[in-house]
Amino acid sequence: MTSTHYKRPSLKLAGISFPPSPNPALSPLPSAVMNNGSSTKKRPSPAAATHNQPSQIQQQQKKHHPTMEEEEEMDEDVVFLDETLLMEESQLLRDMEEREAIASRLAKWKRPALSPAYQSYSKNIVFQQLEIDYVIGETHKELLPNSSGQAAIIRIFGVTREGHSVCCHVHGFEPYFYISCPPGMGPDDISHFHQILEGRMREMNRNNRVPKLVRRIEMVQKRSIMYYQQQGSHPFLKIVVALPTMVASCRGILDKGIHIDGLGMKSFMTFESNVLFALRFMIDCNIVGGNWIEVPARKYKKSAKNLSYCQLEFDCLYSELISHSPEGEFSEMAPFRILSFDIECAGRKGHFPEPTHDPVIQIANLVTLQGQDQPFVRNVMTLNSCSPIVGVDVMSFDTEREVLLGWRDLIREVDPDIVIGYNICKFDLPYLIQRAEVLGIPEFPMLGRIRNSRVRVKDTTFSSRQYGTRESKEVTLEGRVQFDLLQAMQREHKLSSYSLNSVSAHFLNEQKEDVHHSIISDLQNGNSETRRRLAVYCLKDAYLPQRLLDKLMFIYNYVEMARVTGVPISFLLSRGQSIKVLSQLLKKARQKNLVLPNVKQAGSEQGTYEGATVLDARAGFYEKPIATLDFASLYPSIMMAYNLCYCTLVTPEDVRKLNLPPESINKTPSGETFVKSNLQKGILPEILEELLTARKRAKADLKEAKDPLVKAVLDGRQLALKISANSVYGFTGATIGQLPCLEISSSVTSYGRQMIEHTKKLVEEKFTTMGGYEHNAEVIYGDTDSVMVQFGVPTVEAAMNLGREAADYISGTFTKPIKLEFEKVYYPYLLISKKRYAGLLWTKPDKFDKMDTKGIETVRRDNCLLVKNLVTECLHKILIDRDIPGAVQFVKNTISDLLMNRMDLSLLVITKGLTKTGDDYEVKAAHVELAERMRKRDAATAPNVGDRVPYVIIKAAKGAKAYEKSEDPIYVLENNIPIDPQYYLENQISKPLLRIFEPILKNASKELLQGSHTRSISISTPSNSGIMKFAKKQLTCIGCKALISGSDQTLCSHCKGREAELYCKTVANVSELEKLFGRLWTQCQECQGSLHQDVLCTSRDCPIFYRRKKAQKDMGEAKVQLDRWSF
Amino acid sequence: MEAMEVDYIQRKQSTYQFLDEGFKIQKEMYRGQQYSQIYFARLHLMRTLLYSLLPNWKPHLPVCTVLGLEQGKECIIVGTLYKHMKLKPTILDEYSKERSAAPLVKPHNFTHPDDHLVLEDESGRVKLRGNVLLPSVYVTGIVVALHGKETDAGDFWVEDILEAGLPEQIEPPLKSEEDKYVVFVSGLSVGSSTSNPLQFQLLVDHMTGYLGDEKELNIASQIVQVVIAGNSVEIPGGLLSGQNLASKDQSKLSEPVKELDILLTQIAAGVPLDIMPGPNDPANFALPQQPLHRCLFPGSSAYNTFKSCTNPHSFELDNIRFLGTSGQNIDDLEKYSEAKDKLEFMERTLRWRHIAPTAPNTLGCYPFTDRDPFFVERCPHVYFVGNQDSYETRIIKGSEGQVVRLICIPRFGETGIAVVLNMRNLECHALSFGTEFSS
């Protein structure tokens, strides 16, 4: 990659025709600061050089201006082509030259060229598919000579081992579903039924040109998955329709009822009528997400007309596809191209960027080949000139339109398989598309792989019991998988904040520089150097998602999850858990000749069932080792042990009727009856068995594996298998899910409860002094799948031995494969209440592994950092140092520091996201009120919707509402506004502290919160309050604060003689501050990656942001104090 | 001395020129300036200098900026080095999410084999590769010229390095036949539990002529200057922060300072005395440290022989130029780079022409806006650093005949060693005081 600055002949000058004097708002930039004489010695920047040619600039402006005006006046509906006609011919020519220049630069990133064997299409095509969808098109005449009209054509997009992109059109696969065949229906009745159905369908699809809506109806022998049935199979009707959308309308007709001669009005229950067409195809062809597909030579036909930009495009019949299961060489990954990008917009002051007003000014792009650790394309596209960046291909454009089109061309040339970024689905992609609409560039949004297909923005709501409801925008890039790291983070990790900054701080352990959007416009309006600064920032934002992707192995984990569960990769992010189980269920059912009923969405009416049990927690501080007995995959084990499934459930009616032998059935604690596997093996247990066996195998292979890439695949697989196994139970309990069966889920939890109780009983019965043990064992707590036992022995090793013994003994009493395992010991253990505890975790007797906490305030964002630090430090002192008095003292010191106003302000900052404007909030909230007040002060820097609002609670008039007491931390720092220590004491730290200390200390509240350390209080005097305007500033003695009259004195007469001591104190304060100042500011230089440029970062998520500001201010003040000594 | 019956011995004198102005911070204030400006000033100063050296180094090569690099084209680039260090502690560690169970062992050296260097100018950064430029030798903040070319990967392959080298030296004075001595001492640590008050008293008595026979008195009379290079007192930690002190703590705090003042008064009565602040003294933290306040020394400051100086400190005695620090610059280099001994670090700073390159990156320093006081404009004849583990000294020579005496002054409180330099020939020896008690 070169760093050559792309020099274009002319138009660039128009872009930089701002006055050469720097914008006053830019004063923190060195280019402005350094103007005092030294700038003349600076290397003239390319932009500066061009300033010296005013005549040329004017010329250019003249030329350029008319077009600009015309653009503005133009109606939005006018299409681009008309507009070009208005351009001067010379300009048009130049434009084309530029286009070509850009195109040749982009061309070097093209995919590798096809070998002759591929070119002649005489080779088997083997590729890893990443995306499967379908379109409606004309039936392929050569492949399907007997059909005609419209049909669904499956499209499979993928990549070959050589890195060629593939688009495979699959023909002949037809949408279908089942209904159970009414008794006594013969072949004649079926054709009659077919006619009626066709007729009804016609009524619903009047405009359809398809000759036959219901293609055919076949009688098949199948069995419903629901309930235990003694008969092997029943007749079902398989209804094949012309187009996938007709499945739903046909189902509607059959649901409502249809009049059949001789039978009268009859409604039908449909089976498998809610299966998405692409998924149906995958299940029937044995394709799983992200696997390898082979199409033999001569079985495919090169497409007559290339509809896509893919290198290999061909048509074939669905029956010719060879789907390879992901094993051996087919477990590898193809070299997909991953594009990570980020855009910057120049927002107006005081507004969050909106596509209707604010231009896109930069787009940074990084393209990485799957499996490589460095991107092979680093590119940034900028509006107006930008100085070169080492190792980065900088492309500068004069108009936003060119930037957008440049990006489109890049997408086309680079042809990424996966597009990633941070919040791209909700922000970057919709913004680009809407912006192009506003600018009237209809040819922009062709970003998919299909020629002439425009990308549109759709509003979607995603709702799932597990992830909650989220509003989102959906932009489909045909043939490319989108992977928004923000969505992935929100799904996979519970974090206090999902800003890119805090996510990268969490996972990559580095702070991201954050440039406030009000500065972005200033940088853009500066010169090519300031735009370069912005480009560096933009590139970093584009690089971080890629690094997160690598670090968290998202590609491996998601591809493996897709392979395990059989759904396309894109489903994993856009859909909930249930589709994954449904897909496995469908696949298994198909093998067993079972069909799944389409249960009407019953909503939550079906009621709920009793959940997992939690044994009462005996709160306390345990200074003897606590052994933890865990059930390994409890719920899957229960389902396997008791053969719980849809097809083994016996209806209450059948229980009476069928007269099943008692040794062949299980009655669950919740009262349901299931048959044992000798009568009917459940398919859920079978799926689970397969998943868990596969996981064991993957784990064993993982141990053997040497190659890090193979390891990554295997680790992703075992994780995916574990998650999938655990989600099966949830699927049966999801009342608004695809196939809920509360009989199963309530049975599972009831067994679970029984096991926990049983374990408790056995432990407390067996491990007693009566039974020959040294102590009586005591179960102190039990949760969903674990039981905590205090065996009473003093050493970790002894507790481990007893734990192992107990686990083996109790496991023996359970039905296989339910197994109690012993894994860890907590010592010491602080049990606060249910789901809240902390302890040191030991897995080997000689050294503890870590401190483990659950449900304790260490991450929640509603709390200020002080709470987190305090709690962590206390737990550290209590558990690791075993120093309870030390912990108490630490709390007291901290409270005293808080009351004495010695607390680092950054520890007190509370942050909340501003999701809507003030009027839309029903209740007044502190952060919303503050945002309003800040807007009145300075609209430019006030937080906008979507920002996080940091605030501190300040001392206000008596009776002020809590929401009136919020204030901007920076404002507080600058004006010495006193914070409200009582608020922090009562509303922030007291509860979490008492929770920890109550099991340990008697009178914890009195001891900690009301001791003598709470007596002295110091409140700073605000420098801007009303009363201070009337106050006269007078110097006080540094020693005793007495007023002194002479302005040149430092000490009052009383304190003379203590100079040395008092000076030492003043200078020590300065010294501390200097130390801090240096460390803080050099850290920020480190983060921004430059020594010679000023730090611009205003990331309020960064823990040192306020400290840095405060150090700067305190430093100034301390220096003034010190200077008073210079007499 | 009146008490002495012997012949009156006249103490020798020399002309003293005070050169600390550059290290003084007077009008400068903290007005929100950042550290980029001192780097900019440094780069500017050094680049002008390095450019002037290029014609004698590699005149045939073109000079580029970082952004002007072209792949494969050989050229020279000049910029500030930045060392990327894996083990470098950062303030953000305080906030790391998982507090490590075991307390961190504080390593004294943060270098790691994976460290790499980056060259930066105003326009950008480029990663440096190659075998000639050893990351373990260099630190962040040095300005050098590099000969090399950009690789395919966008890195810069370094072929050769040009450092600024020793600066010009003023003519050494005519060889004098007269012995004149300068005594260097550091790390007195008055008030520390480990220091022995008697040792320092012996030193004072020796210098002021209260000790020894006539021969020794003669030598003592040839001492023309005493330099105390930092860490003169040790104030118990914890006394200075927080609330008002109880009266007994007040005395604990001022006691060591008073004691020091008494000792200094004895010296100042006899010999000119320069005292520099060090990291433990009641002075500011950031370099250049400002002179210790006169109010701390009500006794000794009454003498005009007493001078409270900055750290770094520079002066001339009989046209011999001295430059020295209380040791922070060298201690910091020792943490972030490697060398065979302390003197090598000292030599490097002179050849880099910058006595504190790691400031402000890892060494606290004032955020200067338009100058870099640590730039060495004239080569000293004597370069000393205080508060080192042991006494080391060596002479180094420059390509243009410069001769510099390097001195590591050990901590007196721990070693009982002061260093004596003879200005006649720049020879140096240790002055050791031992006190043994039979207990």
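The values are calculated or read from the model by the stated rules, or taken from the named source; none is laboratory data. Note that the coordinates shown come from a computational prediction; the quantities given were computed from them, not determined experimentally. We place every Cβ from the backbone using ideal geometry, glycine too, and count neighbours over all the protein chains shown. The protein model used for the area step is the full one, side chains on, heavy atoms only, and it has no ligands, DNA or RNA in it. Shrake-Rupley method; radii C 1.70, N 1.55, O 1.52, S 1.80 Å.
Computed quantities for the displayed model
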{"quantity": "Three-way shape call for the stretch A:817-894 based on the alpha-carbon gyration tensor, with the a/c threshold at 1.5", "calculated": "oblate"}
{"quantity": "Inter-part distance where the stretch A:527-588 and the stretch A:793-870 are each reduced to a Cα centre, Å", "calculated": "33"}
{"quantity": "Nearest 10 degrees, 0 to 90: helix B:247-270 Cα axis against chain B principal axis", "calculated": "80"}
{"quantity": "Contact order normalised by residue count of the stretch A:879-1014, Cα under 8 Å, 6+ apart, percent", "calculated": "27"}
{"quantity": "Heavy-atom accessible area, 1.4 Å probe, ligands and nucleic acids excluded: residues of the stretch B:136-178 down by at least 30 Å² from chain alone", "calculated": "B:E150"}
{"quantity": "Whichever lysines have a C-alpha closer than 20 Å to that of A:K349, once near sequence neighbours (fewer than 8 apart) are set aside", "calculated": "A:K916, A:K936"}
{"quantity": "Cα principal axis extents for chain B, largest first, Å", "calculated": "82, 60, 46"}
{"quantity": "Relative contact order (%) - criterion: Cα under 8 Å, at least six apart; region: chain B", "calculated": "20"}
{"quantity": "Environment charge at B:T80 (Cβ cut-off 9 Å; Lys +1, Arg +1, Asp -1, Glu -1)", "calculated": "-1"}
{"quantity": "Protein heavy-atom accessible area occluded, A/B pair - total, 1.4 Å probe, Å²", "calculated": "6100"}
{"quantity": "Of A:K108/B:K83; A:K711/A:K847; A:K1110/B:K83, pairs whose Cα-Cα distance is over 32 Å", "calculated": "A:K108/B:K83"}
{"quantity": "C-alpha center-to-center spacing [the stretch B:363-389, the stretch A:1079-1122] in angstrom", "calculated": "24"}
{"quantity": "Gaussian network model of chain B, springs between alpha carbon atoms under 10 Å - residue of B:E177, B:E392, B:E338 with greatest fluctuation", "calculated": "B:E177"}
{"quantity": "Centroid-to-centroid separation of the stretch A:136-186 and the stretch A:279-352 [C-alpha atoms, Å]", "calculated": "16"}
{"quantity": "Prolate/oblate/rounded call for the protein assembly as shown, Cα gyration tensor, a/c under 1.5 rounded", "calculated": "prolate"}
{"quantity": "Listing of the stretch A:365-409 residues, each with accessible area lower by at least 50 Å² in the full protein assembly than in the chain alone (probe 1.4 Å)", "calculated": "A:V390"}
{"quantity": "Coil-residue trypsin sites (Lys or Arg not before Pro) of the stretch B:304-377, DSSP, other Cβ within 10 Å capped at 15", "calculated": "B:K340, B:R371"}
{"quantity": "Candidate lysines for bridging to A:K588, where Cα separation is under 25 Å - those fewer than 8 sequence places away on the same chain excluded", "calculated": "A:K222, A:K238, A:K580, A:K600, A:K676, A:K681, A:K696, A:K699, A:K722, A:K816"}
{"quantity": "Carbon and sulfur %, accessible surface of the stretch A:254-362 computed with the full protein complex present, 1.4 Å", "calculated": "51"}
{"quantity": "Reachable lysines from A:K1056, criterion Cα separation under 22 angstrom, eight or more residues apart if same chain", "calculated": "A:K1041, A:K1065, A:K1119, B:K248, B:K252, B:K258"}
{"quantity": "The stretch A:176-283: C-alpha gyration tensor shape, a/c 1.5 cut-off, then a/b vs b/c", "calculated": "oblate"}
{"quantity": "Too-long pairs where the Cα-Cα distance tops 32 Å, listed order kept, from A:K703/A:K824; A:K551/A:K592; B:K58/B:K86", "calculated": "A:K551/A:K592; B:K58/B:K86"}
{"quantity": "Between 0 and 90°, nearest 10: helix B:36-57 axis offset from chain B longest Cα axis", "calculated": "70"}
{"quantity": "Projected-area mean, the stretch A:879-1014, by convex hull of Cα positions, square nanometres", "calculated": "10.3"}
{"quantity": "Accessible area in square angstrom per residue, the protein assembly as shown, 1.4 angstrom probe", "calculated": "43"}
{"quantity": "Nearest 10 degrees, 0 to 90: helix B:197-208 Cα axis against chain B principal axis", "calculated": "80"}
